[in-house]
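Read through the structure below, which is laid out as structure tokens, and then see the notes.
The values are calculated or read from the model by the stated rules, or taken from the named source; none is laboratory data. Since the structure is predicted, the reported quantities are computational estimates derived from the model, not experimental observations. For neighbour counting, all protein chains shown are included, and Cβ atoms are generated from backbone atoms with ideal geometry for every residue, glycine included.
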Amino acid sequence: MATMFLRPALPPLAALILMACSSYSLGEPLSPTTETLVEGDVTLAVPLADGSLLIDDGTQLAIVYADAREPTSIGATGEIGTLRAYVALGTSTLIAGSAGTFVVQTTPRSGLFRAPIEDVIGEEVIRGLASSPRPDAPSDLWVATEERLYLFRDETLTEVRVEGMSLADVSLAPRAPLSVWAATPTRLLQVHVESTSRALSATEVARPTGASALAVDADSTLWLVSDGMLWSLRSDLHLENYELPFVPTALFAARDAGDVWVQAEDGSFYHQLYRVFRLVDSMPLSDVHHGPEGTLYARVGDTIRRVRARHPITVEGLHSGPILSATRIEVLLPNLDHVVEVRAHAGAAVLEVAGTPPSFTLEPGPIPVGAHRLTVEADYDDGTLTAVFEAPIDIATDATWTNDIEPIFQNYCADCHGERGPSPTRLDEREQWVERSDRLIENVVTGRMPLSRPMLPPSDIALIQAWASGGFAE
């Protein structure tokens with residue numbers, strides 16, 4: 001195990017920071033939407049990277065999937081012990097418990113594995129974990145024990161020491177690629193590691209002088225509680241504090257959403273978004289953890305629930321790949337009786353939404369050719385925030401035989417309908433597709449072809465239809 005000694009960079013980062021008392025507003029109370037994932041007593045409940053939940057119900061260690069009736073068992077009860085820290089690493093989740101450190105996987109199949117870090121960290125007690133991405137390489141893992149701070153990279157553990165500072169009782173939050181925030185009760189540090197070498201540097205923030213809680217949101221803004229006050233430090237180094245009508249004690253946020261949940265000294269919760277703080281309607285939450293997409297996972301009475309500030313939106317009809325012809329998109333919304341308005345736009349193009357369930361059409365022409373961001377929003381009158389769905393789309397009108405259709409033939413049809421295939425029907429020339437276009441389209445839409453194989457992806461079917469309607473361009 002290597003050791004890296006650091007000197008704090010001078011001047012402190014705070015000398016470069018513009019500090020101000022932030023303007024904010026108190027919005028209407030928030031009535032979150034909740035989803036019961038588990039009923040009954042559990043001794044462990046940990047949100048995983050894909051939104052599922054790891055539980056220990058006293059009989060088994062299992063994963064609860066939202067769309068499954070029964071939990072998937074992956075281990076024995078008590079195998080992890082009491083939760084100490086967890087962090088998402090791609091599609092896996094690293095969990096440190098009183099009985100050991102484990103990697104939990106949910107794809108391609110569920111499983112529990114001893115983490116390799118356990119072999120090098122020994123019996124030290126892990127109390128904090130954070131990851132920071134690396135270009136073209138697995139993420140760096142930062143590990144805080146009761147006494148030390150470590151960097152785990154390429155299966156090598158490096159102890160981080162800052163001259164003249166103790167890194168005992170440190171809390172961690174990701175800052176940016178290759179860097180992490182490290183806070184002790186008296187100091188706040190930005191620790192950075194070079195991409196190719198293992199060189200480390202540390203920069204101290206002079207104010208606030210430390211943190212009892214910290215979290216980072218999707219804008220890379222660091223939120224922290226220090227001396228009973230809430231602070232935020234933006235990525236442009238603008239530092240703000242908030243004179244709130246409550247005393248904050250804990251923070252919950254994740255890098256994939258702007259939602260920040262703040263727990264007050266009296267146990268109540270506030271939700272923050274765009275500097276608007278909303279009191280969460282009375283709901284006794286305990287054993288609270290942050291999950292993906294701005295969610296909380298918490299114990300409410302004898303249940304474990306997923307708590308959201310807004311209703312989820314899902315859509316049907318949207319496929320990967322370019323959109324080459326009119327495509328109907330259906331918007332699936334829960335609690336339809338409380339929906340006030342649904343809006344959709346693709347880039348600057350406003351889309352007409354109508355019907356129940358609501359739907360709209362993506363079509364080349366009204367939407368210019370090129371890449372766009374599809375956004376669907378739904379306003380509710382039940383106390384939740386505006387529901388939002390976003391996805392990238394690509395509008396195109398120029399499908400050709402050479403660039404689009406022939407590759408589909410090679411991938412799905414050549415084995416049977418090529419020069420050496422067993423079928424007497426040849427499809428390796430453009431003219432053969434033109435002659436049989438109606439039958440070919442019917443076969444791929446209904447799934448009759450490819451024979452004894454999965455249906456073509458919707459994006460490929462759309463390519464074939466657009467190529468035919470566009471005149472079978474070469």
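Quick notes on this structure:
Yes/no matrix, rows are residues, columns are (1) acidic (Asp, Glu); (2) modelled with pLDDT of 95 or more; (3) under 14 Å from Arg305 (Cα atoms):
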position: Ser52; (1), (2), (3): no, no, yes
position: Leu61; (1), (2), (3): no, yes, no
position: Tyr65; (1), (2), (3): no, no, yes
position: Ala68; (1), (2), (3): no, no, no
position: Ile80; (1), (2), (3): no, yes, no
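- Within the range 331-348, considering residues that are free of Cβ contacts under 8 Å to residues at least 40 places away in the same chain and loosely packed, with under 15 Cβ neighbours inside 10 Å, the one nearest to Thr400 (Cα to Cα): Ala348
- Single residue of the range 445-474 satisfying the filter (touching an Asp or Glu at 6+ places or on another chain (Cβ under 8 Å) and assigned to a helix (DSSP H, G or I)) that is nearest to Gly321 (Cα to Cα): Leu463
- The strands (runs of 3 or more DSSP E) located wholly in the range 242-318 that include 2 or more residues which are touching a residue at least 12 places away in the same chain (Cβ under 8 Å) and exposed (fewer than 14 other Cβ atoms within 10 Å of the Cβ) occupy 286-290, 314-316.
- Any chance Ala62 is surrounded by fewer than 20 Cβ atoms within 10 Å (Cβ to Cβ) and among the aliphatic types (A, V, I, L, M): no
- Residues located in the range 289-312, provided they are among the hydrophobic types (A, V, I, L, M, F, W, C) and farther than 15 Å from Val38 by Cβ: Ala309
- In the range 22-52, the qualifying residues are those that are among the aliphatic types (A, V, I, L, M) and outside any loop (DSSP other than H, G, I, E, B), and the one that is nearest to the chain's Cα centre (by Cα) is Val46.
- Exclusive hit being in the same structural domain as Ala254 (by TED's automatic domain parsing), surrounded by 15 or more Cβ atoms within 10 Å (Cβ to Cβ) and either of a type in the set (Ser, Thr, Tyr) or at pLDDT 90 or above (or both), set Ser195, Ser131: Ser131
- Number of positions in the range 105-139 that are hydroxyl-bearing (Ser, Thr, Tyr) and within 18 Å of Thr156 (Cα to Cα): 3
- Considering the conditions (1) surrounded by fewer than 17 Cβ atoms within 10 Å (Cβ to Cβ); (2) in a loop (DSSP other than H, G, I, E, B); (3) touching a strand residue (DSSP E or B) at 6+ places or on another chain (Cβ under 9 Å), Ser201 is excluded by exactly one of them, (2).
- Residue count, the range 161-183 (criterion: modelled with pLDDT of 85 or more and β-branched (Val, Ile, Thr)): 2
- Pick from the range 309-331, criterion among the hydrophobic types (A, V, I, L, M, F, W, C) and over 21 Å from the mean Cα position of the chain (by Cα), ranking: farthest from Ile367 (Cα to Cα): Val331
- A single member of Leu94, Leu129, Leu167, Leu112 is in contact with a Phe, Trp or Tyr (Cβ under 8 Å, 6 or more places away or on another chain) and closer than 22 Å to Ser201 by Cα, and it is Leu129.
- Residue check for Leu157: hydrophobic (A, V, I, L, M, F, W, C), surrounded by 20 or more Cβ atoms within 10 Å (Cβ to Cβ) and in contact with a strand residue (DSSP E or B) (Cβ under 6 Å, 6 or more places away or on another chain): no
- Taken over the range 219-241, the criterion of being part of a loop (DSSP other than H, G, I, E, B) and in contact (Cβ under 8 Å) with a residue 60 or more places away in the chain is satisfied by Leu237 alone.
- Qualifying position, being under 30 Å from Ser232 (Cβ atoms) and outside the structural domain of Ala88 (by TED's automatic domain parsing), among Arg328, Arg343: Arg343
- If you check Ala49, Ala76 for being in contact with a strand residue (DSSP E or B) (Cβ under 8 Å, 6 or more places away or on another chain), assigned by TED's automatic domain parsing to the domain that holds Arg299, surrounded by fewer than 21 Cβ atoms within 10 Å (Cβ to Cβ) and touching a residue at least 60 places away in the same chain (Cβ under 8 Å), only one passes: Ala49.
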